[in-house]
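Only one structure is covered here, and it is reproduced in the block below.
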Amino acid sequence: MPILPVFLALALQSELPPPQRIEVLFLGDRGHHEPAARAQQVLPELRTRGIDLFYDESLEALTPQNLAKYDALLVYANHDRGEARHVKAIVDYVERGGALVALHCASYCFIESPEWIALVGAQFQSHGAEVFRETFVAPAHALLAPLQPIASWDETYVHHRHASDREILAVREHSGGAEPYTWLRRQGQGRVFYTAWGHDQRTWSKPEFVDLLERGVRWSIGDEALARPRPVAPFTFSPARVPNYEPGGPADALGKMQDPLAPRDSLARAVVPPELELKLFANEPFLSKPLCMAFDERGRMFVGESTDYPNELGAKRDVIRVLEDRDGDGECDSFTLFAGNLSIPTSLCSSNGGVIALCPPDVLFLKDTDGDGRADERRTLFSGFGTGDTHATGSNLRYAPDGWIWGTVGYSGFRGKVGGEEHAFNDALFRFRADGSELEVMGSTSNNTWGLGFSEDGAVFGSTANGNPSVHLAIPHRYYEAVEGANPGVLPTIADSLRIHPITRGVRQVDWHGLFTAAAGHALYTARAFPREYWNRVAFVTEPTGHVVARFFLEPSGAGFVAREGWNLLASDDEWTAPIAAEVGPDGAVWVLDWYNYIVQHNPTPPGFENGPGNAYVTPLRDKTHGRVWRVQPKGFRAPVRRDLAQASPEELVATLRADNMLWRLHAQRRLVERGKLDVVDALVALLARPQR
C-alpha cells in the first residue's frame with residue numbers, strides 16, 4: 001500500500017524559498033590568464049558570501065536575453081575582437097540598470113570599440129611587473145571602508161584613453177606619479193567597477209583581493225546589495241575520523257565532519273543556472289540511499305534503494321519503491337514498496353509491463369500481475385555480474401533506440417552464460433535482449449563505467465571513473481571482430497576538459513584531485529522544456545565527490561564528437577550532497593538522485609582502515625538513512641499533461657512517437673514492439689511521411 005503519513009507535508013521541506021543570492025555571469029576565455037582557474041579559485045569563497053559565479057567563454061553569451069538573467073556581468077578575458085552587437089548588448093545592459101565588473105585584462109577587450117573603452121573608463125596601454133602596494137585615495141568610500149589595501153606581485157598596468165567621469169578609489173604609486181588602479185563609473189541606470197589587479201593566482205589568492213572583488217560586485221549592483229547581509233548560515237561540525245586522501249597528507253588529518261542538513265537547508269546551499277530552479281521531490285525518511293531510478297510508461301518513478309551497499313552484499317535489506325506525485329503539486333505524496341528482499345539494486349529499466357533490475361550477480365525481471373502495486377512475479381533472466389567490488393559491477397540499464405537493453409560494467413566484470421553462449425568481459429558497454437536470450441559486448445572502456453546515454457539520433461555516449469567523463473561509441477566490437485587482427489581498443493575521452501567545478505573546498509577525492517574521478521551518468525537532454533541550447537546537445541555527468549552535476553555540450557567533430565565543458569547544472573557546498581544520477585523525466589525536467597552521504601569514497605583503503613567484503617574501506621560514518629530526489633526545471637515551469645501509455649491504443653502509441661520528450665517516444669516504441677503486431681505498419685509509414693516539427 002502507498003505510504004501517506006499525515007506528516008508528509010512537513011517532511012518534504014521545499015516550501016521555504018532559498019535566501020536571495022547574487023548571480024554573476026563570469027566571461028572568460030582560453031587565454032594565458034586562465035580565467036576558468038581563477039573563477040574556480042574564488043568561487044567557493046564568494047559562494048559563502050552570497051555570490052554565485054556562472055562561467056562562460058563564448059561571446060554568444062552576450063545577448064540581451066542572456067544578460068538579463070544575471071545581476072552582474074564580470075569580464076576577465078582577452079576577447080580583443082568582437083562584433084559590435086556584443087558590445088552593444090553590454091552597453092545596453094548597463095544603461096538599463098545592469099552591473100559590469102571589469103577585471104585586469106578586461107581593459108584590453110574589444111580594443112577597437114570606443115563604446116567599450118568609454119564604458120570601462122580607460123584602455124590598457126602597457127605593463128611591467130613587480131611587487132607593489134596600492135594606495136587608497138578614497139578610503140571613506142562605502143566600497144572601500146571595510147577593506148585593506150592589496151599588496152601583491154602583479155602586472156603594473158598603465159592605461160590611456162581615460163574617461164573624465166570616473167571616481168578613482170585606489171592608485172599605484174610609482175616614480176612618475178600615480179596610476180589609477182581601481183575606479184567606478186555610472187552609465188545610464190547602471191554601474192561599472194574596474195580594477196587593474198588580477199594577473200594570476202598570486203593576487204587572486206590574496207584575501208584583500210577577494211574582499212575587493214566581493215565589494216565591487218555588490219557596489220556595481222547597487223547600494224542595497226552592498227549592504228545586504230550574507231544569506232547562508234554557517235555549517236556545524238562533529239568530531240569524526242575522516243581519512244585525508246590529499247597527496248602527502250596524513251591519513252587522519254581530518255578530525256571533524258560537517259553535520260547533515262535538513263532538505264530545505266541543503267536547498268539553500270545549491271546553485272543552478274539562473275534560468276532554472278531546483279525543487280525537492282522526495283527525501284528521507286520515506287526513501288533512503290537511492291542508487292538508481294527509472295520512469296515507466298505511466299510516468300511513475302521507480303527508485304532502487306540500498307543499505308547493503310557497499311560492504312553487505314547479500315543482506316537482502318534493499319528495496320525498489322514507486323514514487324508518485326498524485327495531486328500534481330510537484331512533490332511526492334505516494335511511496336509504494338514494489339519489491340523487497342533485494343541486495344544492491346544498481347539499475348532499473350521498464351520492460352514488458354514490469355521492471356528489469358540488475359542486482360549483482362543477477363538480472364531480474366519483476367512484475368506486478370495482480371494490480372496491488374507490488375511485484376508478485378520474480379524471475380532471473382541471467383546471472384554473471386561480478387561482486388568482488390560492489391562499485392565495479394553492472395549498472396546503467398536502458399532501453400535503447402535499437403530495441404535492446406543496454407548497460408555498463410566496471411572491473412568486477414561479467415562471467416556467465418546467456419542464451420547458451422559463454423561471456424567473459426569487464427570495463428565495457430554491453431546490450432542484451434529483454435528476454436535474456438542474447439548478450440553482446442559493444443565497446444571497451446578504461447575503468448569503472450557508470451554512465452550511458454543516447455542522443456535522439458541514436459549516438460551512444462558514456463562516462464567512466466578516473467578522468468574520463470565522456471566517451472563516444474562509434475563502431476561496435478562486432479565490426480572489429482569481423483576483421484582478422486583488428487583491435488578496437490578502449491574508448492578514449494572526448495571531453496575537452498577533465499576539471500570539475502565545485503563551489504566548496506570541502507572536496508575529498510582518492511585520486512585525480514580536482515578532476516572527474518567518479519563520473520556517473522551521461523544522459524542527454526532529450527526533451528524540450530529547457531532552453532533550446534540544451535536540446536539533444538547537453539549531457540549531464542554527475543561527480544558526487546565534488547557535489548556537482550556537470551554539463552557537457554556535445555558537438556560533432558569529424559566522424560565523432562567533442563564534449564565541451566559547460567560547468568554545472570547543479571552544484572552545492574553542502575558536503576553531504578552526492579549526486580549520482582541525472583535523468584530527463586517524463587515532465588521534461590532533469591531529475592537528480594542525491595545519495596546524500598558524507599563518505600562517498602569506496603577505495604583504496606586508506607592507512608589505518610580495514611577493507612570490507614565489498615572492497616570498500618570500513619567506517620561507521622557511511623550513512624544509511626538519508627536520500628533525496630531533486631528536480632531541475634525552468635523557472636515558471638508548468639508540467640505538461642500527464643501521459644499514461646499502459647493502456648494506450650495502438651493509434652495512441654504511434655502518435656506518441658512524435659512526442660517532444662524522447663522518454664515517451666521510447667516507451668511508445670517499446671510498447672509497439674512488445675505487441676508484436678503488424679497492424680500499425682501503415683500508420684508508421686504515414687508518420688514518416690509527415691514533416692517533423
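Structure data summary
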quantity: Per-selection metrics, the range 156-237 (Cα): Rg and Dmax in Å; calculated: 15.5, 53
quantity: Mean Cβ neighbour count within 10 Å, used as a protection proxy, ranking 612-618, 555-561 highest first; calculated: 612-618, 555-561
quantity: Cβ-Cβ FRET estimate between His160 and His513, R0 fixed at 35 Å, reported to 0.05; calculated: 0.20
quantity: Computed label-point distance, nm, for sites Asp80 and Gln148 using a 7 Å Cα→Cβ extension; calculated: 3.8
quantity: Under the Debye formula (equal points on every Cα, no solvent term), log10 I(q)/I(0) of the range 650-689 at q = 0.16, 0.19, 0.28, 0.33 Å⁻¹; calculated: -0.34, -0.47, -0.98, -1.20
quantity: Alpha-carbon centroids, the range 194-213 and the range 134-172: separation in whole Å; calculated: 12
quantity: Base-10 log of normalised Debye intensity for the range 479-537 (one unit scatterer per alpha-carbon) at q = 0.18, 0.20, 0.21 Å⁻¹; calculated: -0.90, -0.95, -0.97
quantity: Evaluated over the range 385-478, the Cα radius of gyration and Dmax, each in Å; calculated: 12.4, 37
quantity: Lys624-Leu684 pseudo-label distance in nm [points 7 Å out on the Cα-to-Cβ vector]; calculated: 4.9
quantity: Within the range 485-506, backbone nitrogen closer than 14 Å to the virtual label 7 Å beyond the Cα of Ile475 toward Cβ; calculated: 485-492
quantity: Calculated over the range 24-157: convex hull of Cα atoms, volume per residue (Å³); calculated: 130
quantity: Between the range 57-81 and the range 459-477, the Cα center-to-center distance that results, in Å; calculated: 32
quantity: Equivalent-ellipsoid semi-axes of the chain, from the Cα gyration tensor, Å, largest first; calculated: 48, 28, 25
quantity: Over the range 262-634, equivalent-ellipsoid semi-axes from the Cα gyration tensor in Å; calculated: 27, 25, 22
quantity: Residues Glu555 and Gln125, FRET efficiency given R0 of 35 Å [Cβ-Cβ distance, rounded to 0.05]; calculated: 0.40
quantity: Residue pairs, from the table Lys69/Lys289; Lys289/Lys635; Lys69/Lys635, whose Cα atoms sit over 23 Å apart; calculated: Lys69/Lys289; Lys289/Lys635
quantity: Additional length obtainable on full extension of the chain from Asp265 to Glu115, 0.36 nm per residue less Cα span; calculated: 49.6 nm
quantity: Residues Glu422 and Ser238, FRET efficiency given R0 of 45 Å [Cβ-Cβ distance, rounded to 0.05]; calculated: 0.30
quantity: Of the GluC sites (Glu not before Pro) in the range 453-562, those whose Cβ has at most 16 other Cβ within 10 Å and which sit in DSSP loop; calculated: Glu456, Glu484
quantity: Simple label model, 7 Å out from Cα along Cβ direction - Arg317 to Ala486, nm; calculated: 5.0
quantity: Relative exposure of Trp183, Trp630, Trp664, Trp153, judged by other C-beta atoms within 10 Å (fewest first); calculated: Trp153, Trp664, Trp183, Trp630
quantity: Chymotrypsin sites (Phe, Trp or Tyr not before Pro) within the range 427-527: DSSP coil, no more than 13 neighbouring Cβ in 10 Å; calculated: none
quantity: Three semi-axes of the equivalent ellipsoid, the range 460-502, Cα gyration tensor, whole Å, largest first; calculated: 27, 9, 7
quantity: Computed helical MRE - 222 nm, the chain, DSSP H runs ≥ 4 contributing -39500 (n - 2.57), nearest 500; calculated: -4000 deg cm²/dmol
quantity: Exposure proxy order (Cβ contacts within 10 Å, fewest to most) of Ser152, Ser395, Ser164; calculated: Ser164, Ser152, Ser395
quantity: Gyration tensor (alpha-carbon) shape descriptor, the range 95-156, a/c threshold 1.5; calculated: oblate
quantity: Cβ-based exposure ranking for Ile599, Ile344, in which fewest neighbours within 10 Å come first; calculated: Ile599, Ile344
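Each reported figure results from applying straightforward, stated rules to the coordinates on display, with no laboratory input. Everything numeric here is computed off the predicted structure, so don't read it as measured data. So basically every Cβ, Gly included, is an ideal-geometry build from the backbone, and we count neighbours across all protein chains shown.
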